[in-house]
Amino acid sequence: MKPRFWILAALLLVCGAYAQNLPDLGDSSSSALSSIDEQRLGESIMLDIRRDPAYLDDPEVADYVNRLGGRLTTASDSARQSFEFFVVNDPQINAFALPGGYIGLNTGLLLAAQSESEVAGVVGHEIAHVTQKHIARMVNQQSATQLVPLAALAVAILAARSNSQVGEAAMAFGTASAVQSQLNFTRAAEQEADRVGLQLVTAAGFDPQGMANFFGRLQRATRAYDGGAPSYLRTHPLTTDRIADIENRIHNLPYRQVPDTLEFQLVRAKLRATGHNAREAIAFFEEGLREKKYLSEAAGRYGLTVAFLREKQFDKAKAQLKQLAAIEHPMVESLKCRMVESAGQGGAAADCYRTALGRYPDSRALFYGLADSLLKSGQAAAALALIEPRLRLQTADLRLYRMKAEAHAALGQVLPQYRALAEAHVRSGQLALAVEQLQIGLKSGKGDFYEMSAAEARLRELRKRLAEQLRSRESLR
């Protein structure tokens, strides 16, 4: 599998933007990479990950993994920082931790897991790498005389959690021997992550046996994968001692049988229905329902409905959806409203989303669905009235800014439209495009005195930030 472009982009971006801000690791008073520097590294990498087509920008999937991760971090006494969990659309079985508390899961891992506790075991392991400062320790081990290569090396080591081939990119910076020795966590770090992760899984109420089951199955399946092992085993090497240690710790724990949540099964069904060929997904779910080979019948029918919608087989989709009438879950409600939308009933879809959102006010998918249906049905003012209060609470929400820009455009509000577009670009790390949008908006002259003044002040601020970014990059040439 070829390295994803965002890894290389992140490597260059961090070198340019943050090399000057990294701690002097040769100074005995600075014994570790600071939390602020870790956060900066992580944020810079995430800006590029979010722009990559493989980043799964699905609110239902994202909200699920963040709820799962939040349940685990809440059980940790040492998780004093914020975490963000996200999903990458990649069939390889892998998960990875980045600096700053960002933890990614491949869709391949979610689909390969046979229980929610197995996923929790992997996520707990990755959380432990962060809380135990394994990332900062690896970066700290590099020589202070290689400050600029250190920035590249830090990203290479950390991004390697998602792609073992990243080492080749880092080696191109002339640090081949150092990179080769640092690409993987040490054996001691992996064992510590197992131990701490197992504690998190147990404290959060999951089945600790799930961690052992998942790791053991991956180890046994090594020959089934190209390159000799699943991606997760290449970036988190398993040893007999590690497996034995996990089993010994579980042996002393009381037996616990933990049923999977419906949301876990619905998310997996959605990933299978949307991440594969639609006809193949239909065949998979139909066979599972016919042969009763499923962990959840509701999830199987949900996945089949999604696949039928992709193929525009609306009558069959409606028939399956009727089978879900008794299921109370926001993902099912969202699917019902999407069915109404597919029939071209914009107003009815908005009503559907509004009713469902009243029952599940925390559902981002339902909120986005309502805002989008209002825009599509020509109710831009209503959409704007819905979006603006939410943006005051979710100031980093890129999708809301794009919807806000669309609403302003529909209402003929030129300067507010370009201001919203600029804020969307800021949150995607594209400062030059943000400056350009503000310049276009101001040049139009279509705004009152207060709007023009606010736009000009924001333009000055973004120009300053962009100039600083460019100077940092230029200093490395």
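What follows draws every value from the coordinates through simple rules; no lab data is involved. Note that the coordinates shown come from a computational prediction; the quantities given were computed from them, not determined experimentally. Note: ideal-geometry Cβ built from the backbone for every residue, glycine included; neighbour counts use all protein chains shown.
Would you calculate the separation in nanometres between label points at A457 and A432, each defined as 7 Å from the Cα along the Cα-to-beta-carbon direction?
2.9
For E84, which sequence-distant residues (separation of 5 or more, or a different chain) have an amide H within less than 5 Å of its own amide H, given hydrogens modelled in the peptide plane?
The answer is Y102, I103.
Evaluate the distance, in nm, between pseudo-label points positioned 7 Å from the Cα of E280 and of R256 along their respective Cα→Cβ axes.
3.7
List the lysines whose Cα sits under 26 Å from the Cα of K318, skipping any in the same chain fewer than 8 residues away.
K318 reaches K270, K292, K293, K336, K376.
Tell me, what is the FRET efficiency for E291 and R67 to the nearest 0.05, using R0 = 22 angstrom and their Cβ-Cβ distance as r?
So, using R0 = 22 Å, E works out to roughly 0.10.
Taking N as the number of residues in the stretch 268-363, what is its Cα Rg relative to 2.2 N^0.38 Å?
1.06
Tell me, what HN-Hα J-couplings in whole Hz come from the Karplus equation 6.51 cos²θ - 1.76 cosθ + 1.60 at θ = phi - 60° for each residue of the stretch 231-247, using x for Gly and Pro?
Working through the residues one at a time gives 3, 4, 6, 6, 9, 9, x, 8, 10, 4, 5, 5, 4, 5, 5, 4, 4 Hz.
Around Q92, which amide H atoms from residues at least 5 apart in sequence, or from another chain, sit under 5 Å from its own amide H, with H modelled in the peptide plane?
For Q92, the qualifying residues are G108.
Straight-line reach from K316: which aspartates and glutamates have a Cα under 20 Å away, not including same-chain ones fewer than 8 places off?
Partners found: E280, E286, E287, E291, E297, E333, E341.
Give me the distance in nm between label points sitting 7 Å out from Cα along the Cα-to-Cβ direction at Q313 and L466, one decimal.
5.0
Work out, step by step, the length gained on full extension between S34 and A381: first 0.36 nm times the residue separation, then minus their alpha carbon distance; give nm to one decimal.
120.3 nm
Find how much the distance from A325 to K443 grows on full extension, using 0.36 nm per residue of separation minus their present alpha carbon separation; answer in nm with one decimal.
My answer for the length gained is 37.2 nm.
Counting only residues 5 or more places away or on other chains, whose amide H sits under 5 Å from the amide H of K446 once H atoms are built in the peptide plane?
L415
Please go through the stretch 32-111 and write out the trypsin sites (Lys or Arg not before Pro) that DSSP classes as loop and that have at most 12 other C-beta atoms within 10 Å.
R80
Would you kindly state how much longer the chain becomes between T186 and L111 on full extension, computed as 0.36 nm times their sequence separation minus their alpha carbon distance, in nm to one decimal?
That works out to 24.2 nm of additional length.
Rounded to the nearest 0.05, what FRET efficiency is calculated for D77 and D57 with R0 set to 45 Å and r the Cβ-Cβ distance? Please report the intermediate quantities before stating the final value.
Working: r = 33 Å, r/R0 = 0.73.
Once rounded, the FRET efficiency stands at 0.85.
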